[in-house]
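**Student:** What follows is a single structure, and I will ask about it in a moment.
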Amino acid sequence: MTKGNQMLDVSTTLNQLCTFRLGPLYLGINVTEVREVLLQADVTTVPHADDVIEGLINLRGQIATCIDLRRRLGIEPREPDMVPIHVVTMTDGEPVTLLVDAVGDVVDVDPDTYETPPTTMDPNTRELILGAYKLDTELLLVLDLDKITSVGPGGGHKGEPS
Amino acid sequence: MDEIISEFLVESYEGLDQIDQNLIVLEESPDDVGILKEIFRTLHTIKGTCGFLGFSKLERLAHAAENLLSLLRDGELSMSAEIADALLAAVGDIRGILATIEASEEEGDPDIEAIVVRLDALASPDAAKAAEATPTEDAPAGAEPTADGDAGAAAPDAEAPAEAATADGGADEQLAETASADPSAGDAETGAAGEIDGTIGATDADEADDRDDDADARLGDLLVEAGAAGRTDVEIAAAEQSLGDQREIGKILVDDGRAEAKEVEEAAATQQKRSVADSSIRVDVALLDRLMNLVGELVLSRNQIIQLASDGDNGGLGPPSQRLNLITSELQEGVMKTRMQPINNVWAKLPRVVRDLSRQLGKNVHVEMIGKETELDRTIIEAIKDPLTHIVRNTVDHGIESPEERAAAGKPEEGLLLLRASHEGGQVNIEISDDGKGMDADRLANLAVEKGVVTPEQVARMSEQEMVNLIFKPGFSTAKQVSNVSGRGVGMDVVKTNVERIGGTVDLKTERGVGTTFKIKIPLTLAIIPALVVSCDNNRYAIPQVNLLELVRLEADDEKNRIEDLHGAPVYRLRGRLLPIVDLRDQLGSERVERESTNIVVLRADDHTFGLIVDSIEDTEEIVVKPLGRQVKDLNLFAGATIMGDGRIALILDLMGLASEARLLEAGTTEGKTVFDGVTDSHSTVLDDRTLLLLGLGEQDRVAIPLARVERLEEFPSTALERSDRRTVVQYRGKIMPLIDLAPTIGYTNSAFYDNDRISVVVCNFGSLTVGLAVDAILDIVSHAEVLENVSDDFETVVINEQVTDVIDATSVVSSVLPIPIPQDEPPLAATSFDDLDSAVPAPTGA
């Protein structure tokens, strides 16, 4: 009946982002949402699954669903010889891995540099992005993990499993 | 939810379950004071805790029930069905309030007045007065003021509960009384705080007492509590013991004549029972699930290590890996066991259900249980709860007769409902049988027709068992007539679906006048199931073994044994029956491949049998079922996933989903449903000339036709019949097929066209001409062995199943009404003229 210990104080950790690269994009998700990073994994494909679902992997006995972030964000597919990296996240108690090109550092960001995504962005992509931090060198986009992982028939998002 | 409240709920539900059972037992043996006390205690605890949590209505209700119970306990009243009813009703209401609390953490505004008044009325004023006095006799006087509740806001005397707890069995009572003090009166804060302290103090003392190594002191307590011995007597006995008396305290008491031997024994038994309760703890199921997962993972690691250890030079890895192996297996078994619960957890509720229902219906039913301790995974226990209850309700309602009827039938007035559970090869069998009136197959069939579940025509073709099985059909629920008795609008079809959902089966056997038996077979656990692992397109898939019928392998160069194409639908002839074939590659969206040999997995989903072509068949394995993530769990084809020995994932096929994706579950199309495919190519010699197809004409008449002549068996709705050029035709496979009403054509009086909603048709080919022979029923296929030839060689009459049957010559029958084209390349069918077709073919009723 207890919710477990996932409810860390978000306000103090919101400013730490786990970053990764995907084609031209520099992306980040809240560091508390990332469980681990896998450099390689044996993916089992799931026929008839949504196009963005790469497949399933065995995460120490748990079945984790893999989402190809490139396809999810509508970026051109990666080169065939590029091995994607799995960023393992937990949403609603289920492990989901995001396939990215490369993993960066955990970055401290200044809330003052935060801005919501511009309305000119492709609406489909814009929906998946919470906002951007204007770093000195480039823009760091923050992903909306809940929306990213809501795929599948009927939008897929069904609240917490009981 | 507040942890205290949730704990209270869990404990109260458990307590109520116990009370339910106890009340039933009590009704049978009203003098069992031990049980009365147990009920009293449980209710008391609930009352106490809810007072403490501020659920005043619940408290009031519990108090009223407790009051009545105390009278029973003290022998002021004796148990009667009326009292039992009232108490059970009270328990029901308490349950209702608990459910409200569970949902909203508030007790809401339940109407408890009626039941409270009922309870109070049963406890007559005189008796009630006596009850008031009772606690004073049993408990130390100090407890009395708090016991009545009103003064409860005052913090209890810190010592009193603790003292009481160690002092005697009245402690339980007193503790609860203390807690029941109404916190809303006076300074709630202080009151509540005081009570918490008091409670904890008492609990500690209680526990300390329980754990006291000096078991005899507890026995003494129990004796005092049971009124079997005086406190002073026990104290004296304890003192004697401490002075070096080696005898047990009970024995001292008995020897000194201060207690009855029987009562001492009883107390000792109670003591034993309590210590069992102390030896178990509550564990969160989520934690067990996690453990289960981890153990599964450990098993995989172990497998890998064993693999390593067996690879030649292993640097001394052998013995430790052996040990790891053993420990892992044992651990796995142990963790599995933690999830197992005796089936009694569900059964325990049934006597109450039966009691209420049989009283309501004026029946007399005795419940007997065999194999209560049979263990099942808790998820399965959950899943069978409703189906079981439903079957039991149905049995009491429809199965068991009223006492009068039973007496008239020469049976004992009391009906018997027998529940039996046992393990059998990784499965659990549950039987629910009664000695009631059994089911009337014809009545069920009529009812089913009335409700439009089946057509009379379908019924006519059914065996008795099939008719009885109609109760499992959706839409067939006899519940409507009996309103709330046999369930809340749920039919037996739901029972069947629910059982099948967890990979089980329901069977039904009934004999009129003797009784009915439902037999449920379910897997031991849902978490681990036996499965067949197959591969397709480089992925492995698991097929639950329950769905598996057999495996067939076809070699590419085998001419006779091959998959045939039935108008675009691949089929395979499996022992004369037509098996629809589904290629797993098609279903998975993979490319088709040419296969050297074809592996067909013959499966059953729902009531449909079909063959699934896979690339290869790997092995059978016990697999651990894991849920899919929400991104993929809605896919029809898969029921879950599992992790194979090598750590890779295999998806578990959901055969119901697969069958519906492959459109196997759809009923007949406009072309009619192919019931049977006899011979597709005329030169085939698969079927013996002597194999006959037995056809029914009207009620009794039957004829046979050599199966070799039969192309196919079809079934058309009567609405599909059309008239064209004065003959009856039906559109069949893109062509027009003339139909011949067989009965009038060969001299019988009835007509297949008039009497049936669905018309059974025997399709025969005569060169390019395809003709359908309409009959009332297709009865059977009779093999050579069953045919006893008699008569002459040219007039064909045989004896089938001790009945003389004419064998008709299809060619002569058809040629009597239609010109049969002799050469193979006749003009197309539509152009053929049938002018000479006469009244032998009447107009169809539906057209």
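The values are calculated or read from the model by the stated rules, or taken from the named source; none is laboratory data. Since this is a predicted model, take the numbers as computed values, not measurements. Positions of Cβ are generated from backbone atoms using ideal geometry, with glycine treated the same way; all protein chains shown enter the neighbour counts. Surface accessibility is based on the protein's heavy atoms, side chains included, excluding ligands, DNA and RNA. Shrake-Rupley method; radii C 1.70, N 1.55, O 1.52, S 1.80 Å.
**Student:** In segment B:495-539, which residues give up 40 Å² or more of accessible area once the other protein chains are added, compared with their chain alone (1.4 Å probe)?
**Tutor:** B:Asn539
**Student:** With all protein chains present, calculate the accessible area of B:Lys251 using a 1.4 Å probe and round the result to the nearest 10 Å².
**Tutor:** Roughly 110 Å² of B:Lys251 is accessible to a 1.4 Å probe.
**Student:** Right, here's the next one. What quantity of accessible surface, computed with a 1.4 Å probe and excluding non-protein components, is buried in total between chains B and A, in Å² to the nearest 100?
**Tutor:** Using a 1.4 Å probe, the pair buries roughly 2500 Å².
**Student:** What average count of beta carbons from other chains do you get within 10 Å of the Cβ of residues in A:45-57?
**Tutor:** The per-residue average across the peptide is 6.
**Student:** Among B:460-467, B:761-768, B:541-548, how do they line up by average Cβ neighbours within 10 Å per residue, starting with the highest?
**Tutor:** My ranking of the peptides, most packed first, is B:541-548, B:761-768, B:460-467.
**Student:** For B:Thr598, list long-range residues whose amide hydrogen, built 1.01 Å from N in the peptide plane, is under 5 Å from its own amide hydrogen.
**Tutor:** Excluding prolines and chain starts, which carry no amide H, the hits are B:Leu554, B:Glu555, B:Ala556.
**Student:** To the nearest 10 Å², what's B:Leu416's accessible area with a 1.4 Å probe?
**Tutor:** Here the residue's solvent-accessible area equals roughly 60 Å².
**Student:** What is the gain in length, in nm to one decimal, between B:Asp289 and B:Ala268 on full extension, counting 0.36 nm per residue of separation less the C-alpha to C-alpha distance?
**Tutor:** Computed gain between B:Asp289 and B:Ala268 is 3.8 nm.
**Student:** Okay, next question. To the nearest whole number, what is the average tally of beta carbon atoms from other chains within 10 Å of the beta carbons of peptide B:649-658?
**Tutor:** 2
**Student:** Moving on to the next point. Give the accessible area for A:Glu138 in Å² (nearest 10); use a 1.4 Å probe, count only protein heavy atoms, and leave out ligands, DNA and RNA.
**Tutor:** Roughly 60 Å² of A:Glu138 is accessible to a 1.4 Å probe.
**Student:** In addition: Just give me a number: lysine pairs in segment B:339-459, eight or more positions apart or cross-chain, with C-alpha atoms less than 21 Å apart.
**Tutor:** 7
**Student:** What is the average number of partner chain Cβ atoms found within 10 Å of a Cβ in B:290-300?
**Tutor:** 2
**Student:** Sorting B:Arg355, B:Arg553, B:Arg577 by accessible area (1.4 Å probe), largest first, what list results?
**Tutor:** Most to least solvent-accessible, the answer reads B:Arg577, B:Arg553, B:Arg355.
**Student:** Assigning unit charges at the beta carbon (Lys, Arg +1; Asp, Glu -1) and nothing else, what dipole magnitude in debye, to the nearest 20, does segment B:303-460 show about its Cα centre?
**Tutor:** 520 debye
**Student:** Can you pull the semi-axes for segment B:491-607, root of five times each eigenvalue of the Cα gyration tensor, sorted largest first, whole Å?
**Tutor:** For segment B:491-607, the ellipsoid semi-axes come out as 34, 20, 12 Å.
**Student:** If DNA, RNA and ligands are ignored and the probe is 1.4 Å, what is the ranking of B:Ser80, B:Ser56, B:Ser535 by accessible area, most exposed first?
**Tutor:** B:Ser56, B:Ser80, B:Ser535
**Student:** Another question, then. What is the distance in Å between the Cα centroid of segment B:504-579 and that of segment B:29-45?
**Tutor:** 53 Å
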